[in-house]
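Novice: Structure below; questions to follow.
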Amino acid sequence: MSDRVMKVNYCYVMVPNRAGQGAKVFSAIRDEAKRRGVEVEASEIVGTIPLDAAVGVIKEAVNEPAFRMDQILEKRVWAAE
């Protein structure tokens, strides 16, 4: 890590609405930042995302490829209504 500190407040990226794309894009950004000697401290989702996209992120982030939509508590509650 260099002794120079640089903070980037925003990096706006639009991600295709397909399962797994958000995780791939974020991973690519994080890898490129690391290659340049900087660390991604935090990220933010602006607006809404499809539930399928959130499930895809869970599968990728916690390395749980068998994670299913019915494991989401709210999804079960919605199904019971």
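Novice: So for each of 50-58, 73-81 I average, over its residues, the number of other beta carbons within 10 Å; can you give me the resulting order with the highest mean first? Intermediate results must be reported in sequence, preceding the final value.
Specialist: Details: 50-58: 15.8, 73-81: 8.7.
Ranking, from highest mean packing down: 50-58, 73-81.
Novice: What's the extension gain from Lys24 to Glu74 if we count 0.36 nm per residue and subtract their Cα-Cα distance?
Specialist: Result for the pair: 15.4 nm of gain on full extension.
Each reported figure results from applying straightforward, stated rules to the coordinates on display, with no laboratory input. Keep in mind the model is a prediction, meaning the values are calculated, not measured. Counting neighbours? That spans all protein chains shown, and the Cβs are built from the backbone with ideal geometry, glycine included.
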